[in-house]
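A short write-up of the structure that comes next.
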Amino acid sequence: MASCLKSQKQVILLLVSVLLAYGVSELQAARSPPTNQPYRTAYHFQPRKNWINDPNGPMLYKGVYHLFYQYNPNGVIWGPPVWGHSTSKDLVNWVPQPLTMEPEMAANINGSWSGSATILPGNKPAILFTGLDPKYEQVQVLAYPKDTSDPNLKEWFLAPQNPVMFPTPQNQINATSFRDPTTAWRLPDGVWRLLIGSKRGQRGLSLLFRSRDFVHWVQAKHPLYSDKLSGMWECPDFFPVYANGDQMGVDTSIIGSHVKHVLKNSLDITKHDIYTIGDYNIKKDAYTPDIGYMNDSSLRYDYGKYYASKTFFNDAKKERILLGWANESSSVEDDIKKGWSGIHTIPRKIWLDKLGKQLIQWPIANIEKLRQNPVNIFRKVLKKGSQIEVSGITAAQADAEISFKIKDLKNVEKFDASWTSPQLLCSKKGASVKGGLGPFGLLTLASKGLEEYTAVFFRIFKAYDNKFVVLMCSDQSRSSLNPTNDKTTYGTFVDVNPIREGLSLRVLIDHSVVESFGAKGKNVITARVYPTLAINEKAHLYVFNRGTSNVEITGLTAWSMKKANIA
Ligand SMILES: *[C@@H]1O[C@H](CO)[C@@H](O)[C@H](O)[C@H]1NC(C)=O
Ligand SMILES: *[C@@H]1O[C@H](CO)[C@@H](O)[C@H](O)[C@H]1NC(C)=O
Ligand SMILES: *[C@@H]1O[C@H](CO)[C@@H](O)[C@H](O)[C@H]1NC(C)=O
Ligand SMILES: *[C@@H]1O[C@H](CO)[C@@H](O)[C@H](O)[C@H]1NC(C)=O
């Protein structure tokens with residue numbers, strides 16, 4: 001989990017410098033956030049104030065969805081976390097519940113870091129999370145609800161046997177690299193299994209633990225999987241998906257030839273959530289990814305700002321739902337002014353693509369209940385060098401879907417085989433760099449005079465073998481006139497044939513976040529931006545084409561989004 005994202009020393013240094021820069025009184029003022037809040041989200045999850053990071057322990061219990069999250073009750077930068085808790089009937093509107101997992105015993109006296117929920121037989125929820133003990137060592141802590149008749153599970157207690165897993169000299173676990181237990185699964189032998197993220201030297205590890213009673217846990221001789229140079233693996237997640245492209249989700253304990261398994265890790269070094277698809281051999285209790293490694297070259301859930309994600313099985317709709325954290329791109333000084341830091345991305349349904357090479361992600365259907373007042377464009381040629389405003393929507397709080405048909409191929413540029421980094425390519429060929437086929441896409445959160453905009457777009461190239469290469473970019477370089485924001489441009493190659501299949505883009509725009517889904521959910525990029533002019537009703541949305549070829553808009557629908565009830 002990302003509590004480790006800053007060493008304690010860095011946090012103290014940061015705190016000291018912030019205190020010096022702003023004075024203690026401003027920090028105190030930040031406890032009650034100011035009312036002028038152009039960057040607060042309207043339908044992305046965030047608590048009323050303070051720092052949040054990883055989603056924790058999501059589950060469905062007695063018809064109520066539970067979201068816990070890493071929370072610093074004392075400020076807008078990371079600090080010893082407790083768990084925030086909200087409940088929901090639809091994963092869109094949320095009711096805050098009391099904080100939980102507060103320091104209660106030695107095992108979590110220095111903080112309650114990330115963890116997961118497992119529903120035990122008899123519909124009994126249990127949570128395992130990482131506690132920081134008096135020596136600041138990472139141990140695993142078991143918690144149960146006090147009252148299982150309360151569907152909101154407001155109160156939790158820590159089992160007296162805690163910690164239930166801890167580093168010992170024998171098990172060669174580094175006490176500073178032992179965290180984030182997964183949801184457990186149970187095989188036909190009746191034994192529960194779970195993973196804990198770790199490393200040995202620079203080798204990333206998914207440590208495997210087993211238990212019959214959920215209280216006594218024994219470490220397996222071998223990790224479920226490891227990779228030599230990828231560094232600490234945080235927030236592991238391990239779950240089955242249907243092998244045949246079925247969009248339905250699969251419960252965590254399901255095994256068999258009709259499923260493949262996904263292993264995801266959050267790479268502490270690069271802060272990327274990467275995953276592989278592979279096979280789980282239950283005889284050996286080992287996982288083998290189809291592509292044979294698990295490092296920063298692996299697939300990513302999201303090619304923008306996204307970390308410490310976690311899935312759960314939504315038994316009511318038979319869907320697997322993915323939740324993730326998007327941190328701020330603003331300065332700590334700006335975060336103190338607004339009184340909060342960190343949001344969660346829109347819950348995404350995920351499943352395996354028909355070809356079995358990657359996952360597909362799509363915003364949960366309930367989010368569409370917030371849509372209103374649609375505007376449409378149908379079958380319109382988007383001429384080279386042109387731009388069309390999508391007017392009649394609240395462009396700072398919107399959902400837009402657009403699809404393109406590509407016919408005019410004569411100006412397509414050659415792809416250079418040395419372009420191995422899509423992110424680098426997007427930053428070199430940003431939205432203002434003219435191309436052959438592209439850039440075309442959307443200018444979101446744009447000011448009237450285009451002093452500010454966040455551009456989400458495609459470029460198409462032709463490789464030596466006559467195959468098309470599709471680049472998807474989110475260019476933040478012009479997102480704000482505020483020079484202190486992180487405006488890194490993000491990019492990814494999309495595995496799609498743009499001529500045969502066309503190209504589509506969906507963007508969820510919510511004041512300070514632009515969450516973009518390319519090619520019907522094959523690739524996702526989340527960006528955090530802070531326009532100074534393009535705020536609230538002064539924000540605009542445009543379709544643009546700065547290439548030298550025409551493309552056709554087959555359809556565009558954009559909706560104003562209602563505000564969800566969140567905090
Ligand atoms: C951890 O807890 C102990 C005991 O409460 C305390 O003395 C120590 O300062 C804490 N360490 C950190 C790093 O917070
Ligand atoms: C444990 O991990 C920490 C943090 O990465 C590192 O500084 C330390 O050297 C490691 N200890 C051992 C015994 O490997
Ligand atoms: C990932 O591992 C593969 C296979 O060992 C290797 O070719 C590739 O360079 C690695 N990528 C990174 C970023 O380390
Ligand atoms: C959060 O954002 C900063 C700057 O924008 C980035 O450098 C950092 O790696 C991010 N942290 C995580 C955990 O994503």
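Mind checking which strands (runs of 3 or more DSSP E) fall wholly inside segment 128-238 and carry at least 2 residues that are within 16 Å of ligand 1 (Cβ to nearest atom) and either buried (at least 16 other Cβ atoms within 10 Å of the Cβ) or of a type outside the set (A, V, I, L, M, F, W, C) (or both)?
Of the strands (runs of 3 or more DSSP E) lying wholly inside segment 128-238, those with at least 2 residues that are within 16 Å of ligand 1 (Cβ to nearest atom) and either buried (at least 16 other Cβ atoms within 10 Å of the Cβ) or of a type outside the set (A, V, I, L, M, F, W, C) (or both) span 138-145.
Which ones in segment 553-566 are more than 19 Å from Asn536 (Cβ to Cβ) and open to solvent by 10 Å² or more (accessible area, probe 1.4 Å)?
Residues satisfying the conditions are Thr554, Gly555, Thr557, Asn565.
Considering only segment 414-439, state which residues are under 29 Å from Ile509 (Cβ atoms) and part of a strand (DSSP E or B).
Hits for segment 414-439 are Gly435, Leu437, Gly438, Pro439.
Yes or no: segment 54-75 includes at least one residue that is under 21 Å from Ser330 (Cβ atoms), of a type in the set (S, T, N, Q) and surrounded by 23 or more Cβ atoms within 10 Å (Cβ to Cβ).
yes
Please identify the pairs in which a residue from segment 197-209 that is closer than 15 Å to Phe166 by Cα and of a type in the set (A, V, I, L, M) has its Cβ atom under 8 Å from the Cβ atom of a residue that is more than 16 Å from ligand 4 (Cβ to nearest atom) and at pLDDT below 95, counting only partners at least 6 apart or on another chain.
Short answer, once both residue conditions are applied: Leu207/Ile173.
How do the pairs read when you match residues in segment 297-326 that are touching a residue at least 40 places away in the same chain (Cβ under 8 Å) and assigned by TED's automatic domain parsing to the domain that holds Asp90 with residues anywhere that are within 16 Å of ligand 2 (Cβ to nearest atom) and outside any strand (DSSP E or B), using Cβ under 7 Å and keeping only pairs 6 or more apart or on different chains?
Tyr307/Ala2; Tyr307/Lys271; Ala308/Met1; Ala308/Ala2
Mind listing whichever residues of segment 239-269 are open to solvent by 50 Å² or more (accessible area, probe 1.4 Å) and within 16 Å of ligand 3 (Cβ to nearest atom)?
Ile269
Which of (1) at negative phi; (2) at pLDDT 95 or above does Lys62 not meet, given it meets every other one?
Only one criterion is unmet by Lys62, namely (1).
Give segment 283-300 a look and list any residue that's within 16 Å of ligand 4 (Cβ to nearest atom) and open to solvent by 50 Å² or more (accessible area, probe 1.4 Å), or say none.
Asp296
Would you tally the residues in segment 280-297 being assigned to a loop (DSSP other than H, G, I, E, B) and in contact with a Leu (Cβ under 9 Å, 6 or more places away or on another chain)?
6
Determine, yes or no, whether Gly256 is assigned to a loop (DSSP other than H, G, I, E, B) and over 20 Å from Ser198 (Cα atoms).
So Gly256 passes the test.
Within segment 63-73, identify whether any single residue is small (Gly, Ala, Ser), more than 16 Å from ligand 4 (Cβ to nearest atom) and within 24 Å of Arg193 (Cα to Cα), and answer yes or no.
no
State all residues of segment 99-124 that are more than 24 Å from the chain's Cα centre (by Cα) and part of a strand (DSSP E or B); if no residue qualifies, say none.
Leu120, Lys124, listed by residue number.
Looking only at residues in segment 443-466 that are aliphatic (A, V, I, L, M) and closer than 20 Å to Gly385 by Cβ, which one is surrounded by the fewest Cβ atoms within 10 Å (Cβ to Cβ)?
Ranking the candidates gives Leu450 first.
The values are calculated or read from the model by the stated rules, or taken from the named source; none is laboratory data. Because the structure is predicted, anything quoted here is derived from the model rather than measured. Every residue, glycine as well, gets a Cβ built from its backbone with ideal geometry; the counts of neighbours run over all protein chains shown. For accessibility, only protein heavy atoms count, side chains too; no ligands or nucleic acids. Shrake-Rupley method; radii C 1.70, N 1.55, O 1.52, S 1.80 Å.
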